[in-house]
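For reference, the structure discussed in these notes is given below.
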Amino acid sequence: MKFYRSHILIGIDDESLKAGVKRIENALRNELEKYELADEINIMETGALGYFGTGISMLVYPEQITYVNISEEDIKEIVQEHFLKGRVVNRLVLEEKITGMYDYNYKGRIVLSNSGLIDPEDIDEYLGTGGYEAWEKALAINPSEIVEIVKKSGLRGRGGAGFPTGLKWSFTAPLEADQKYLVINADEGEPGTFKDRLIMEGDPHKLLEGIMISAYAIGATKAYIYIRGEYKLCISRLKKAIEQAKKYGLIGENIFGSGFDLDIKIKIGAGAYVCGEETALIESMEGNRGTPRAKPPFPGVEGAWKKPTVVNNVETITNVPAILQNGADWYLHFGVENCSGTKVYTVMGDVKLPGLCEVDMGTTLRTIINQYGGGVKEGKKFKAALVGGAAGVFLPNKLLDVKMDYNNLKEYSAVLGSGAILVMNETADIIDMLWSVIRFFRHESCGKCSPCANGNEVLFKLIDNIRKGEGKKEDLDKMIHIAEMMNLSCFCALGQSLLMPVKSAIDNFRDDFLEKIKK
Amino acid sequence: MKTLEELRKIREKAQNEMKMRNSESRVKVVVGMGTSGIALGARDVMKAILDEVSNRKLTDVLVTQTGEKGLSSMEPVVDVIEKGKPKITYGNVTPENARKIVVEHIVNGKVVSDLVVATKND
């Protein structure tokens, strides 16, 4: 065993890679070498540390100091001052009080419990955190018991719709079929959502363990991770993790003598928004054009290659190992009634600390923005938050204290969606925002059904006119009417969900629209 | 392919190694690394301590460094801090003495009194 007096965790994700983190890491290694510190100080690559807009950052243990915005020139100073002489380079230290994702002592982290703390490319580190204990436990019990545990835990799908996971499994688990599939939806196409990317980059083995347990529970011997092509780092880390799991015999044939076989494969998507819809995703996975299928039959009965298929989101499945390990009752302690557990949010826009946080279900929007997002930046006032991505709702000031969970938000015709929270300050233009949302839907409509294809065209024309100052007062109600029609008649969730942003923007900010129309 | 028994062993080993990243340790050893400390061999003292801690597989010891402490004439200076006990400061530490401090003080719990230059109650 090698003893290191200090550990440096460098946050490696897509953003920091583009910012040249590898070059900095090399410089750091060379500099440590120069001062003969290389055997005393361990450099590790980990997933994103949870900060955004702070350039290249690293976390130093045991001091638990985070350096941000590090440039190559700073490395010399950090090594000479901090690692050689023990003097912290204050000018590079992240000053904001650390909370949420950044607070590594916070015990409420389930999905992100290891992110930014372990080396995601080393299976031994995951094992060291108690990893794959739940998988061992799962193999010793009956699959139907696992379905019951997950049902009792109240886990709900984290992809947006919030369907109870245990219930979904219970449709597929008892079916007799020569082949069943588990598909992980890692397409994450919702604008502003990047939670799944950071989960996979930071702790790929936890996702794999969740897949193993879930596949065993429903009797699927093949699992696919359908992932966006842009997520290069996730793909390479997942591939590495699958290799390691195979080598350790955690997946493969007759796993630990249980008689259960499992193979996990990665399928790469091409970035169409509609492919986040489960039936379109299955079509795309089969090699067809990504358009949704008619339901029923539901994928749980007839999905990929006409076999029973369960499609779950990354975050949902990542919750499963902890539920099995600690029991359903433990999981029920988190969150609120009828909506247990935690939720990972991506907070961005006009906040001081854009980034990622994992909080209990039912935490208010105000808490998330102020405590985890650091509040609205530059001392400006809060105007609105777009919650749930493009297919989300505009929440005004008066709804800041609404508890965020699947049930409660429904009362305000809002949704939690994928957990994206885009904060806008008083200077933001809601019309502009809605224009971008509709433009996005117009671009992403797959064209299979006419209410969506045509509806989006008309809506875009209307909002474009209003934006140019050529709109009429009646246009507002017309837009809501069209969106309502689309909600009733569109083939899949893509067209159906446009009602939420359109209606919430116009209802909550009608004055803004009227002012623009008057001008 | 590994058996479940082998997996458990890997898990235990990794757990021990990761413990060292935790800032809650039984003993904290702080080496003074100011300019004069380094000039008088604090680096070699640090290396000796790390080597000894590593060889003895002490997972509950934290070794860190600090800047000039104002005891230039007694450099290299090493502090040993244990919870609930007075802070012991050793002066004029050589690599050999450093090893002695690890063995006698940290492992066996006996202060090496002839090297102590100061003690301080929290």
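The values are calculated or read from the model by the stated rules, or taken from the named source; none is laboratory data. Since we're looking at a predicted model, the values are computed, not measured. Glycine also receives a Cβ, built like all others from the backbone with ideal geometry; neighbour counts cover every protein chain displayed.
Miscellaneous remarks
- Taken together, B:Ile106, B:Ile101, B:Ile38 contain a single residue that is among the aliphatic types (A, V, I, L, M), in a helix (DSSP H, G or I) and either within 12 Å of chain A (Cβ to nearest Cβ) or under 30 Å from A:Tyr248 (Cα atoms) (or both), which is B:Ile38.
- Among the residues of the stretch A:331-381, those that are closer than 24 Å to A:Lys151 by Cα and assigned to a loop (DSSP other than H, G, I, E, B) comprise A:His333, A:Phe334, A:Glu337, A:Asn338, A:Gly341, A:Met361, A:Gly362, A:Thr363.
- Per-region count, the stretch B:41-67, residues surrounded by fewer than 21 Cβ atoms within 10 Å (Cβ to Cβ), more than 8 Å from every other protein chain (Cβ to nearest Cβ) and more than 30 Å from B:Ala14 (Cβ to Cβ): 2
- Search result, residues across the stretch A:112-131 that are of a type outside the set (Val, Ile, Thr), farther than 15 Å from A:Ile12 by Cα and more than 7 Å from chain B (Cβ to nearest Cβ): A:Leu112, A:Ser113, A:Tyr126, A:Gly130, A:Gly131
- The number of residues in the stretch A:456-513 that are polar (S, T, N, Q) and part of a loop (DSSP other than H, G, I, E, B) comes to 1.
- Where B:Glu82 falls short, out of the listed (1) touching an Asp or Glu at 6+ places or on another chain (Cβ under 9 Å); (2) more than 17 Å from A:Asp39 (Cα to Cα): (1)
- Close contacts from the stretch A:267-293, counting a first residue that is at positive phi and a second that is modelled with pLDDT under 95, with Cβ to Cβ under 9 Å and a gap of 6+ residues or different chains, come to A:Gly271/A:Asp187; A:Gly271/A:Gly189; A:Gly271/A:Arg228; A:Gly271/A:Gly229; A:Gly271/A:Glu230.
- Among the residues of the stretch B:14-30, at least one is within 14 Å of chain A (Cβ to nearest Cβ), within 30 Å of A:Asn254 (Cβ to Cβ) and surrounded by 18 or more Cβ atoms within 10 Å (Cβ to Cβ).
- Qualifying residues in the stretch A:29-60 (those that are within 14 Å of chain B (Cβ to nearest Cβ) and in a helix (DSSP H, G or I)) - the one surrounded by the most Cβ atoms within 10 Å (Cβ to Cβ): A:Leu32
- In the stretch A:61-78, of all residues being within 12 Å of another protein chain (Cβ to nearest Cβ) and either touching a residue at least 40 places away in the same chain (Cβ under 8 Å) or charged (D, E, K, R) (or both), the one that is nearest to A:Ile118 (Cα to Cα) corresponds to A:Tyr61.
- Pair list, Cβ < 9 Å and 6+ apart or interchain, from the stretch A:1-28 residues that are within 14 Å of another protein chain (Cβ to nearest Cβ) to residues that are of a type in the set (Lys, Arg) and in a helix (DSSP H, G or I): A:Met1/B:Lys13
- For A:Gly86, the conditions (1) assigned to a helix (DSSP H, G or I); (2) without any contact (Cβ under 8 Å) to a residue 24 or more places away in the chain; (3) of a type in the set (Gly, Ala, Ser) all hold with the exception of (1).
- Hits in the stretch A:351-387 (condition: among the aromatic types (Phe, Trp, Tyr) and touching a Cys at 6+ places or on another chain (Cβ under 7 Å)): A:Tyr372
- Exclusive hit being surrounded by fewer than 24 Cβ atoms within 10 Å (Cβ to Cβ), more than 14 Å from chain B (Cβ to nearest Cβ), of a type in the set (Asp, Glu) and within 24 Å of the chain's Cα centre (by Cα), set A:Glu190, A:Glu201: A:Glu190
- Only one entry of A:Gly219, A:Gly257, A:Gly252, A:Gly210 meets the criterion of being within 14 Å of chain B (Cβ to nearest Cβ) and surrounded by 15 or more Cβ atoms within 10 Å (Cβ to Cβ), and that entry is A:Gly252.
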